[in-house]
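**Q** Handing you this structure, nothing more for now.
Bear in mind these aren't lab numbers, they're just calculated from the coordinates by the rules spelled out. In this text the structure is predicted, and so the values were computed from the model without any measurement. Neighbour counts are summed over all protein chains in view; Cβ atoms, including those assigned to glycine, are modelled from backbone coordinates with ideal geometry.
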Amino acid sequence: MSTIRVGHLYPEYLNIYADRGNIAVFARRAAWRGHELEVTSIGMKDAIVPGMHDLYYIGGGQDREQLLVAGNLAAKSQPLIDAVIGGGAALLAVCGGYQLLGRRYRGFHGEDMAGVGLLPLETVAGSRRMIGDVLLECELEPGVRRTLAGFENHAGRTRLDPGAEPLGRVVSGFGNDGESGFEGCRLGRALGTYLHGPLLPRNPWLADWLLAQALAHRTGGEPPELPPLPDELESRAHEVSAGRARARGGKR
Ligand code: GLN
């Protein structure tokens, strides 16, 4: 049994669409495997100390909330990069948090926000919001294809740098920019995505992947194979969401 230490960045600001629900999924799925989740909030006044957390989580927010935290977060770039890229902690960044982990985000009203520069991407808001159900195909391990179903609502168009790895290929929905056919970004154990709301309740495999990466950071070993769970309700939720995305047709 291990204690998985989660650092939740700016929960008072970046928390739209059930971001706390994703943390609850981590906690339950860890507990069902005999592990404990210890969640600490990393707010404006708190430092990021590499090695202190096994998994970082940053949620979604509107431009207004992003503006409130962007400067504070950018000032913590180096320790966050050291913790995740240097130290191998896992990270999940959702929507507004995802945008701020790139090099920069230009908001809807032209506000320029410096990002962390952890993920190889930039985001500029466009005039039309990209809203709706999304279905992706992901291959985080070579040869293992899985689908992610969720909901997106963003004005930002995210461009990955050449050669950067997306989180998945868009089967249905807009994704990063409505054109490239890519959604999200993956860099080692760090994942960013526009899919929010109940992302982890309906995609439990993603929660388990991140927990396994966090356990690998905790123990200094390989990501463990977590014992499977029945996941009947979760599979049904996934199917409902995937079905809604498919009903909207292909890429927009
Ligand atoms: N403000 C960002 C955008 O509209 C992110 C929105 C969100 O987190 N839902 O692109």
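**Q** Roughly speaking, what is the centre-to-centre gap between the range 209-252 and the range 9-46 when only Cα atoms are used, to the nearest Å?
**A** Centre-to-centre distance over Cα atoms comes out at 17 Å.
**Q** Restricting attention to the alpha-carbon atoms of the chain, what are Rg (one decimal) and Dmax (integer), both in Å?
**A** Every Cα atom of the chain included, Rg and Dmax give 16.7, 49 Å.
**Q** Where the centroid of each part is defined by its Cα atoms, how far is the range 185-203 from the range 66-121 in Å?
**A** 15 Å
**Q** So, one more: Nearest 5 is fine: what % of DSSP beta bridges in the range 88-164 come out antiparallel, could you say?
**A** Roughly 90 percent of the beta bridges in the range 88-164 run antiparallel, per DSSP.
**Q** Moving to a separate point now. Taking the Cα atoms of the range 1-143 alone, what are Rg (to one decimal) and Dmax (as a whole number) in Å?
**A** 15.6, 49
**Q** Then there is this: List, in order, the whole-Hz ³J(HN,Hα) value for each residue of the range 33-48 obtained from phi through the Karplus relation with A = 6.51, B = -1.76, C = 1.60 and θ = phi - 60°; use x for Gly and Pro.
**A** Result, ordered by residue: 9, x, 9, 9, 9, 10, 9, 10, 8, 10, x, 3, 8, 9, 8, 9 Hz.
**Q** Right, here's the next one. Just name one of Gly71, Ser41, Val84: the one whose Cα is farthest towards the positive end of the charge dipole of the chain (beta-carbon charges, Lys/Arg +1, Asp/Glu -1).
**A** Gly71
**Q** I've got another one for you. Report ³J(HN,Hα) in whole Hz for each residue of the range 175-181, in order, from the Karplus equation J = 6.51 cos²θ - 1.76 cosθ + 1.60 where θ = phi - 60°; Gly and Pro get x.
**A** Ordered by residue, 3J(HN,Hα) equals x, 4, 9, x, 10, 6, x Hz.
**Q** Determine the dipole magnitude for the chain: charges of +1 sit on the beta-carbon of Lys and Arg, -1 on that of Asp and Glu, nothing else is charged, the reference point is the Cα centre, and the result goes in debye to the nearest 20.
**A** On the way: 28 positive and 29 negative charges, 105 e Å.
Using only the charged Cβ atoms, the result is roughly 500 debye.
**Q** Are there GluC sites (Glu not before Pro) in the range 166-252 that DSSP marks as loop and that have at most 13 other Cβ atoms within 10 Å, and which are they? Could you put the intermediate results ahead of the total?
**A** Details: sites: Glu179, Glu183, Glu225, Glu232, Glu234, Glu239; in loops: Glu179, Glu225.
Here the GluC sites (Glu not before Pro) that fit, given the DSSP loop and packing criteria, are Glu179, Glu225.
**Q** Collect residues whose amide H, placed 1.01 Å from N in the peptide plane, falls under 5 Å from the amide H of Tyr56; neighbours closer than 5 in sequence don't count.
**A** Gly7, Ala90, Leu91, Leu92
**Q** May I ask you to evaluate 6.51 cos²θ - 1.76 cosθ + 1.60, the Karplus curve with θ = phi - 60°, for each residue of the range 189-195 and list the ³J(HN,Hα) values in order in whole Hz, giving x for glycine and proline?
**A** These are the phi-based 3J(HN,Hα) values: 8, 9, 10, x, 7, 7, 6 Hz.
**Q** May I pose another question? For Thr219 paired with Arg146, estimate the spin-label separation in nm (one decimal), with each label point 7 Å from Cα along the Cα-to-Cβ line.
**A** Between Thr219 and Arg146, the label points sit 1.8 nm apart.
**Q** Something else now. Would you calculate the convex hull of the Cα atoms in the range 200-252 and tell me its volume per residue in Å³?
**A** Cα-based convex hull of the range 200-252, divided per residue, equals 96 Å³.
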